[in-house]
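Data first, discussion second: the structure below is written as structure tokens.
The values are calculated or read from the model by the stated rules, or taken from the named source; none is laboratory data. Owing to the predicted nature of the structure, the values given are computational and were not obtained by experimental measurement. Cβ placement follows ideal geometry from the backbone for every residue including glycine, while neighbour counts extend to all protein chains displayed. To get the accessible areas, we keep the full protein, side chains included, count just its heavy atoms, and leave off ligands, DNA and RNA. Shrake-Rupley method; radii C 1.70, N 1.55, O 1.52, S 1.80 Å.
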Amino acid sequence: MTEEHSAHSVHTAPKKEPGPSLFPEMERLVAEVLSGIEVTSEQVVDEHAIIIDRKDLLAVCRRLKDNQRLSFDLLRCVSVVDYPNESVFQAVYHLYSIGLKHRMAVKTGIPYDDAIVDSVTSVWAGADWHEREAAELLGVEFRGHPNLRPLLLPDDFEGHPLRKSFKVPELDQARFRRGRE
Amino acid sequence: MAESRLETVDMFINMGPQHPSTHGVFRMVLTIDGEQIVDMKPHIGYLHRGVEKLAEGLRYREVTVLLDRTDYLAALNNELPYVMALEKLLDVKVPERAEYIRVLVCELNRIASHLMFYGAFGADAGATTPFMYAFRDREEIQHFFEAVTGGRLMHNYFRVGGVRYDLPEDWRERLTKLIPHLRKGIVDCERLLSDNEIFLNRTIGVGQISAADAIDYGLTGPNLRACGVRLDLRRDQPYSVYPKLEFDVPTRSRGDCYDRYLLRVEEMRQSLRIVEQCLEQMPDGPSLGEVPRVIRPKEGEVYVGTENPRGEYGIYLVSRGGDYPYRVKVRAPSFCNLMALNEMMRGCYIADCVLILGSIDIVLGEVDR
Amino acid sequence: MLGMLKGLMTTMQSHFRKPVTIQYPDERPDLPPRYAGFPGLIWDANVGEPFCTGCQVCARFCPTQCIYVTMKDNPKVGDGTSKRRKIVDEFELNVSCCTQCAVCVEVCNFDAIEMTHTFEMASYSREQVMNLQDMLSMKEKGGP
Amino acid sequence: MPEWVESIIRVAIAIGFVLTTVLVLIWLERKVIGHIQQRLGPMRTGFHGFLQSPADAVKLLVKEDIIPAAADRWAFQLAPALVFVPIFLTVVSIPFTRTLVVRNLDLGLFYVFAISSISIVGIVMAGWASGNKYALLGSVRAGAQMVSYEIPLVFSILGVAMVAGSLNLETIVDAQRGLWYIVLQPVGMFIFLVASLAELNRTPFDIPVAESEVVGGPYVEYSGIRWGVFFLSEYANTFIISALAAVVFLAGWRGPLLPGWLWFLIKTYAIILIIFWFRATLPRLRIDQLMTFAWKLLLPLAFVNLLITGLYLVYDWPRWILFVASVAVLAVASRLVYVVGRA
């Protein structure tokens, strides 16, 4: 699977009709700042979101942070979502600018068979534990992370619980109690 | 004999998970040199229940039950971003009265949470009485909650499109009694600690963090505002009826333990102001809007962050149709605030490390989730 | 020294205030009507049977899955005293599991379950289970 | 009756009295702090929980006595005795009234301090022998703190000895006829109270046993009666230090109308209540601040006090000059708390 392909499969991950942009101002600004990088805009309910290829992630993040008119200095959250049907993870970075009070999301796809993405800890130190958590719970590797040890689970835990393929016994069974204990 | 170099071995101390002042089951492995801390390694996960995974197996309306249990000191504040996220996905309008009720109980819960901080911080500093004073006042708030939501800590009160019950008939009397009580309680608290020389010596300049570092580590809430950064999502990204309410966002400049303490005391006052305004402005009307009987949002995803007593509590909700949420990612403020602990603890004493941990005001329920 | 004196005066003053605690087993807390203790089933006094039809909605929605219900044919339907064709046969609630979240009350289509004021859950065994009779008598014991 | 039998009886009475006092003190502290915090404190056993302390004592007696595997058995078992014995030895020379005293010593004041400082060894031993890092930290803190505060403590009382011209406690009380030494030696009284708080490991100087930092310090591994002995000696020590303060600064049994022993108890309990009040109000200092406080503030202050007292004696000043000078020193010192504390 090539990188290009994986990026494409993410575009289809949550299927959406391309509609009129909800945040045209933001979209224009981001496109300007990220000129030279392939960026796809996405319509999310209440914020502007872009989908980028994972190889551009660090460059994009750095530009988004350093640019005066965007200055996304606060990384709010790093979420990784598992899409088993498309065989892909999607990492979502929610950004916020304290000075300019605007927000956006950056998304990138990580294919199953090569689950590695660049760590953004060099851009925002606050990504540290978020990435460790994602690495542990979803099995995505973050390249360049200073300390990717397990964070939450017991040392002898096997598997990645937040993957959809990981079944929790209590939740997997029918939601009736089966007989009496 | 000339100077002989004494060989020394670093001493490790395990603070937690069963230590009285680690605010839950948090474990720090301290490397100490005498009383001074050389290095600190945090260990979390003792309370990991997999809330995010469990949420994927629960129907939409049940998830609030889980979120109550993340930051259990400010349960109502956690439910808010989730129901707001769901409302955005479902495109549901919330009646104004419901919004006011939400703000009212959220702010009361913020005061309760800050009182808890105040008490625990006092206990960390070695004073026993602040804890009792804080609990005395917090108990009154919880009595109010019992009357409104039925629960003391775990409320499960917010619903898509409003709140579960309207306020009880006697809420005005209860609230008008509660507000002066709390006001007096805050004065008591302040008189006990805020000017106490021992307390000042213990906290001023301890656990300092610069504004730039704080932002870099993703600190939010009172911890960030104590560094002088005026970020309050209630004001900067207005939600609910906060734009209609008047309140200040206090900041301090030094970013040390004392500033974090004083800031929270000030925030309690501001929250009381909001509560008073809610009392005055509470409109009539339904407390629950038009909501589909079966909650089945369209495909989509939304991130909603609200101002929790500890910082930004964010919910990233992904829906792919169906009765169950596809992914619920909880951005817990304590989780992010805890990352900066190492930065704050550089070169402090063992006694300080307890205070610094207390001043960040973490709740392990949401650190581990 | 002034700050310390201020604190000392505060504690001195509060020494003469009235204590706020109550002596729990002797004095009972004053619970507001909505107080959510354990759920209890409501008795339909007109017919002489519980409202619960054993439809298992509560068991399905319970986040901790602590409810177990079965239904049976209502014997009173035959003699015409009751309109409920199905009635609860067994009802069990695992007390150590129940988080008193009141989801069961909310989802119940027959308004047959309600949060009572019983909040004492201390028991000698971990697997303490409340059965139908307990659930029914709960309402009378600590009911609003 | 031979003299030695009488002595034994007197000692037995004194120790019995202190033991019952300890039980009362524990109850009193819980009640006082409870009311300060708008609670009731113990209420279940007896009238207003009066039997709570005996009940606790029984519980401690029947509780399992655990010696950790990592502990040094002998030292661990010996430590409580080493703390307990010296404290009870000091009771011997505390005069409750002129006649109600086990043995009035000419060097009474000296004896009390000499003996009571031995208990530090017991505490350090307990911490070391426990084989626990918290206990070790706590005991090292205790050692540093108690040795440091011993010095201002002794110097503070030296002024009294100078004015009274004796180390005999009875003579000191007699010398206070008409004027209590709290008036002549307010600085001494202040230093004595502060330093004895540190000596007792009580708030705001409860650093060695700080619950939130070293979880009980040297006593963390102790359980049952061994822990009970530590607890007992702590409260006995509180009583003895307060009694000493009452004797030295508040003229012991002297007072109008009421019998002497009652005056003595009233004064002692007043000081004890102040100690409890402090405990309910103040937060804890940090170890370095504590040291700074002792060496940079209390000790110079004690020296200044000695100097003024010496000048007063040599030049035969009127008493009011000593009083005014002492108050002035105290005022300057309370200002210095800020400056030194921040340094």
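In chain D, if every C-alpha pair distance is counted and binned at 20 Å from zero, what percent goes to each bin?
Reading upward from the zero bin: 29, 59, 12, 0.
Relative to the Cα centre, what is the charge dipole magnitude of the protein assembly as shown, using +1 at the beta carbon of each Lys and Arg, -1 at the beta carbon of each Asp and Glu, and rounding to the nearest 20 debye?
1960
Listed highest first by mean packing, meaning other Cβ atoms within 10 Å per residue, what order do B:14-27, A:74-87 come in?
By packing density, highest mean first, the sequence is A:74-87, B:14-27.
Please give the calculated 222 nm ellipticity per residue for the protein assembly as shown, where each DSSP H segment of at least 4 residues contributes -39500 (n - 2.57) and the sum is spread over every residue; nearest 500 deg cm²/dmol?
Estimated from H runs of four or more residues: -15000 deg cm²/dmol.
Please report the antiparallel percentage of the DSSP beta bridges confined to the protein assembly as shown, to the nearest 5.
90
Using modelled backbone amide H atoms (1.01 Å from N, in-plane), which distant-in-sequence or interchain residues come within less than 5 Å of B:Gln208's amide H?
So B:Gln208 has HN proximity to no qualifying residue.
What number do you get for the stretch B:223-300 when its Cα radius of gyration is normalised by 2.2 N^0.38 Å, N = residues?
My calculation over the Cα atoms of the stretch B:223-300 gives 1.51.
Taking every Cα atom in the stretch B:1-110, find the radius of gyration and the maximum pairwise distance Dmax, and write them in Å.
23.1, 85
Kindly write out, for the stretch D:128-135 in residue order, the coupling ³J(HN,Hα) from the Karplus curve 6.51 cos²θ - 1.76 cosθ + 1.60 (θ = phi - 60°), rounded to whole Hz, with x marking Gly and Pro.
5, 6, 5, x, 9, 6, 4, 4
Which ³J(HN,Hα) values in Hz, rounded to whole numbers, follow from the phi angles of the stretch A:87-100 under the Karplus curve 6.51 cos²θ - 1.76 cosθ + 1.60, where θ = phi - 60° and Gly and Pro get x?
6, 8, 9, 10, 9, 10, 10, 9, 10, 8, 10, 5, x, 9
How crowded by other chains is A:74-85, given as the mean number of beta carbons from other chains within 10 Å of each beta carbon?
Shielding by partners across A:74-85 averages 6.
Can you tell which of D:Thr20, D:Tyr235, D:Leu336 lies farthest toward the positive end of the dipole of chain D, using +1 and -1 charges on the Cβ of basic and acidic side chains (Lys, Arg; Asp, Glu)?
Value computed over the given set: D:Leu336.
Please compute the contact order of chain D in relative form: average sequence separation of alpha-carbon pairs under 8 Å and at least six residues apart, divided by the residue count, as a percent.
Worked out over chain D, it gives 21 percent.
What's the magnitude of the charge dipole for the stretch D:231-343 around its Cα centre, counting Lys and Arg as +1 and Asp and Glu as -1 at the beta-carbon? Answer in Debye, nearest 20.
Charge dipole, the stretch D:231-343, about its Cα centre: 260 debye, nearest 20.
Quick one: ranking B:Met28, D:Met291 by accessible area, 1.4 Å probe, largest first, what do you get?
Correct descending sequence by accessible area is D:Met291, B:Met28.
Considering every residue in B:126-139, what mean count of other chain Cβ atoms within 10 Å of its Cβ is obtained?
Across B:126-139, the average partner-chain Cβ count within 10 Å equals 6.
Under the Karplus relation 6.51 cos²θ - 1.76 cosθ + 1.60, θ = phi - 60°, what is the ordered set of whole-Hz ³J(HN,Hα) values for the stretch A:52-58, x standing for Gly and Pro?
10, 7, 5, 6, 8, 4, 4
Mind checking the angle between helix C:132-142 and chain C's longest principal axis? C-alpha axes, 0 to 90 degrees, to the nearest 10.
Tilt of helix C:132-142: around 40 degrees.
What accessible surface, in Å², does a 1.4 Å probe find on D:Phe110, ignoring ligands, DNA and RNA and rounding to the nearest 10?
Approximately 130 Å² for this residue.
Below 11 angstrom from the Cβ of D:Ile67, what's the summed charge of the other residues (Lys, Arg +1; Asp, Glu -1)?
So the surrounding residues net to -2.
If you take every residue apart from D:Leu232 with its C-beta less than 13 Å away from the C-beta of D:Leu232, what net charge results, scoring Lys and Arg +1 and Asp and Glu -1?
Charge balance in the 13 Å sphere: -1.
How large is the convex hull of the C-alpha atoms of chain C per residue, in Å³?
Measuring per residue, one finds 168 Å³ for the Cα hull of chain C.
How much accessible area does D:Met43 have with a 1.4 Å probe, in Å² rounded to the nearest 10?
Surface open to solvent at D:Met43 totals about 50 Å².
Determine the shape class of the stretch B:75-198: with a ≥ b ≥ c the square roots of the Cα gyration tensor eigenvalues, call it rounded for a/c under 1.5, and otherwise prolate if a/b is greater than b/c, oblate otherwise.
Prolate, since a/c reaches 1.5 and a/b exceeds b/c.
Hey, what did the stretch B:59-368 get for relative contact order, percent, Cα under 8 Å, at least 6 apart?
Dividing the mean separation by the residue count of the stretch B:59-368 yields 27 percent.
Hey, if we sort D:Trp277, D:Trp74 by accessible area with the 1.4 Å probe, largest down, what's the order?
From most exposed to least exposed: D:Trp74, D:Trp277.
Summarise the partner chain shielding of C:90-97 as one whole number: the mean count of Cβ atoms from other chains within 10 Å of each residue's Cβ.
Rounded to a whole number, the mean comes out at 1.
If I model a spin label as a point 7 Å beyond the Cα along the Cα-Cβ vector, how far apart are those points for D:Phe110 and B:Arg5 in nm?
In this crude spin-label approximation the distance works out to 4.9 nm.
Would you grab the residues whose amide H sits under 5 Å from the one on A:Val80? Only those 5+ places off in sequence or on another chain, please, with H modelled 1.01 Å from N.
Those qualifying (amide H under 5 Å, at least 5 residues apart or on another chain) are A:Val92.
Kirkwood Rh over alpha-carbon pairs of chain B, then Stokes-Einstein at 37 °C and 0.692 mPa s: what D in µm² s⁻¹, rounded to an integer?
154
I want to verify a result. In a Gaussian network model of chain B, Cα cutoff 10 Å, which of these has the top mean-square fluctuation: B:Leu54, B:Leu317, B:Leu338?
B:Leu54
Give me the net charge for the shell around C:Val47: Cβ to Cβ below 10 angstrom, other residues only, Lys and Arg +1, Asp and Glu -1.
Taking every Cβ under 10 Å from that of C:Val47, the sum is +1.
Considering only DSSP beta bridges with both partners in chain B, what is the antiparallel share in %, to the nearest 5?
Approximately 100 percent, going by the DSSP bridge assignments.
By accessible area of protein heavy atoms, probe 1.4 Å, what ranking do B:Thr149, C:Thr70 get, highest first?
The ranking, largest first, comes out as C:Thr70, B:Thr149.
Return the distance in nm (one decimal) between the two label points of a simple spin-label model at B:Arg183 and B:Leu279, each offset 7 Å from Cα along Cα→Cβ.
Reported label-point gap for B:Arg183 and B:Leu279 is 0.8 nm.
Starting from the Cα of D:Leu307, move 7 Å in the Cα-to-Cβ direction to define the label point; list residues of the stretch D:164-193 whose amide nitrogen is under 20 Å from there.
Inside the label zone: D:184-192.
More than 16 angstrom separation, counting every C-alpha pair in the stretch B:69-113; what % is that?
The calculated P(r) of the stretch B:69-113 puts 41 percent of pairs beyond 16 Å.
Any number yet on Rg/Rh for the protein assembly as shown, C-alpha, Kirkwood?
For the protein assembly as shown, the value is 1.03.
What size of dipole, in debye to the nearest 20, comes out for chain B about its Cα centre when the only charges are +1 on Lys and Arg C-beta atoms and -1 on Asp and Glu C-beta atoms?
900
Search the structure for amide H atoms under 5 Å from the amide H of D:Ile66, placed 1.01 Å from N in the peptide plane, and list their residues when 5 or more places away or on another chain.
Excluding prolines and chain starts, which carry no amide H, the hits are D:Ser223.
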